[in-house]
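These notes are about the structure you will find just below.
The values are calculated or read from the model by the stated rules, or taken from the named source; none is laboratory data. These numbers come from a predicted model, not from an experiment. Virtual Cβ from ideal backbone geometry, glycine too; neighbours counted across all protein chains shown.
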Amino acid sequence: MILAEIITIGDEILIGQIVDTNSAWMAQQLNMIGIKVKQISSVSDNEQHILIALDEAKSRADIILITGGLGPTKDDITKHTLCKYFNTTLRFDERAFAIVEELFHKRGRTDITETNRKQAEVPLSCTVLYNTAGTAPGMWFEKDGKVFVSMPGVPFEMKKMMELDVIPRLKEKFKTPAIVHKTILTQGIGESFLSDMIETWEDALPAYMKLAYLPQAGMLRLRITAMGDDKNKLQPEVEEQAKNLLPIIAEYIFGYEDDTLEKLVGNLLRKNKQTLSTAESFTGGYISHKITSVPGSSDYYIGSVVAYDHRIKTGMLGVGEESLKKYGAVSEETVREMALGVQRKFKTDYSIATTGIAGPSGGSAEKPVGTVWIGIATPQTVITRKYQLGSDRARIIVESSLYALNMLRKALN
């Protein structure tokens, strides 16, 4: 097994000024080519700290990927520290400077300063990885059979360099195993409950296959990973295992790989030549945002009413004053009338309505924070469901939106 370690450099990471998203993305890319990440570390802009981190990483891993500290300012010390670590000096790289010049010219600037010019200085002993998205080149070193790669900390620069240069070089240098992933997307069931349901199936997986549970707000991804010598042999075996899983948890599976509920719902509406509207209370337009994030959603999505105030519920959606007084805004009766009201107002085939208590205040013993009602109006009926979704406001809104979209998907099917 080829092992890698990731080191992110920068005081801004350690004080929480920025969140390190680079490491997670790099780890995913390495995993996809069969390279296992042994450790991820963040260190300050301090020469001694960086040198120690490099030595420790070298003792654990075959590949050390480094991001950050390659900018033009004095606090960016990675390049000089690498010169010290590899006992080399800086040289001026004409091609790297030409890239800097071109980038400045594209932005309408010709005032390349000496500081900017220093971006084209690279360690003499490295292989330069040219940065077509920014000014700081990457650097590839080899020492004692180990590979060290230093890349910019700017995420889109690092990603482009990884995809165009680093990953192809790593695949060429190291014999990595064939690896196949299959991701199964589920909604409406917790991790522990799902684990109990599929325990027998999971225990029967062959030794070269592993299952990972990847929960996030409102959904749970199951990822089957198989490793071996022949990808063409592994692919159908993984597909067969996914097929065997389907009848066990069919009611919770909504898609595979990169599917999203908003895309799936949109595809069904377009296929059936049907339309959709939404009436949102506590979700505040989040469902309509997800729906309209899909290109071409204007084919089927008509519009929304964000009915936060009672006057909007009664005046625009036709919710009865009696319903609000007798049952309250967060009730099955109210969400039913909201769904029918917006369906009628926008003359759509389907509608989604939400009402709930997202908190942190507003709850009661009878209706605590996290109480949610969702309604789906179809051409024939209205489907309503009540959910209790914890106490975190942002999470309640996200989870409710996914529950609503999945309810609609099931209705459309």
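Brief remarks on what is shown
- Residue within segment 59-71 that is assigned to a helix (DSSP H, G or I) and either touching a helix residue (DSSP H, G or I) at 6+ places or on another chain (Cβ under 8 Å) or on the phi > 0 side of the Ramachandran plot (or both) present: no
- Residue match in segment 266-285 (condition: closer than 27 Å to Arg221 by Cβ, in contact with a helix residue (DSSP H, G or I) (Cβ under 8 Å, 6 or more places away or on another chain) and surrounded by fewer than 17 Cβ atoms within 10 Å (Cβ to Cβ)): yes
- The condition (being in contact (Cβ under 8 Å) with a residue 40 or more places away in the chain, under 26 Å from Tyr301 (Cβ atoms) and of a type in the set (Phe, Trp, Tyr)) is satisfied by just one residue among Tyr350, Tyr387: Tyr350.
Here's the yes/no breakdown for (1) surrounded by fewer than 24 Cβ atoms within 10 Å (Cβ to Cβ); (2) acidic (Asp, Glu):
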| residue | (1), (2) |
| --- | --- |
| Leu317 | yes, no |
| Glu322 | yes, yes |
| Ser331 | yes, no |
| Thr334 | no, no |
| Ala339 | no, no |
| Lys345 | yes, no |
| Asp349 | yes, yes |
| Ala353 | no, no |
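- Positions within segment 210-228 being among the polar types (S, T, N, Q) and either within 11 Å of Glu191 (Cβ to Cβ) or in contact with a Pro (Cβ under 9 Å, 6 or more places away or on another chain) (or both), in sequence order: Gln216
- Here segment 290-301 is the region considered, the condition is being of a type outside the set (S, T, N, Q) and farther than 17 Å from Val342 by Cα, and the residue that is surrounded by the most Cβ atoms within 10 Å (Cβ to Cβ) is Lys290.
- With a requirement of 2 or more residues that are in contact with a Cys (Cβ under 8 Å, 6 or more places away or on another chain) and touching a residue at least 40 places away in the same chain (Cβ under 8 Å), none of the helices (runs of 4 or more DSSP H) lying completely within segment 162-240 satisfies it.
- Total residues in segment 182-210, condition among the hydrophobic types (A, V, I, L, M, F, W, C), in contact with a helix residue (DSSP H, G or I) (Cβ under 8 Å, 6 or more places away or on another chain) and closer than 26 Å to Glu262 by Cβ: 3
- Residue satisfying all of: in segment 133-161; part of a helix (DSSP H, G or I) and in contact (Cβ under 8 Å) with a residue 60 or more places away in the chain; surrounded by the fewest Cβ atoms within 10 Å (Cβ to Cβ) among these: Pro155
- Contacts under 9 angstrom Cβ, first residue in segment 302-314 being surrounded by 21 or more Cβ atoms within 10 Å (Cβ to Cβ), partner polar (S, T, N, Q) and part of a loop (DSSP other than H, G, I, E, B), 6 or more apart: Ala307/Ser281; Lys313/Ser281
- Out of Glu262, Glu240, sole residue that is charged (D, E, K, R), modelled with pLDDT of 95 or more and surrounded by 18 or more Cβ atoms within 10 Å (Cβ to Cβ): Glu262
- Qualifying residue in segment 83-95 (condition: in a strand (DSSP E or B) and either within 27 Å of Gly34 (Cα to Cα) or within 34 Å of the chain's Cα centre (by Cα) (or both)): no
- Where Asn31 falls short, out of the listed (1) without any contact (Cβ under 8 Å) to a residue 24 or more places away in the chain; (2) over 20 Å from Met139 (Cα atoms); (3) under 19 Å from the mean Cα position of the chain (by Cα): (1)
- Single condition Ser364 does not satisfy, out of (1) in a loop (DSSP other than H, G, I, E, B); (2) surrounded by 17 or more Cβ atoms within 10 Å (Cβ to Cβ): (2)
- Filter pass, Glu101 being closer than 19 Å to Ile6 by Cα, part of a helix (DSSP H, G or I) and acidic (Asp, Glu): no
- Output for segment 359-388, where each listed residue is of a type in the set (A, V, I, L, M) and modelled with pLDDT under 95: Ala365
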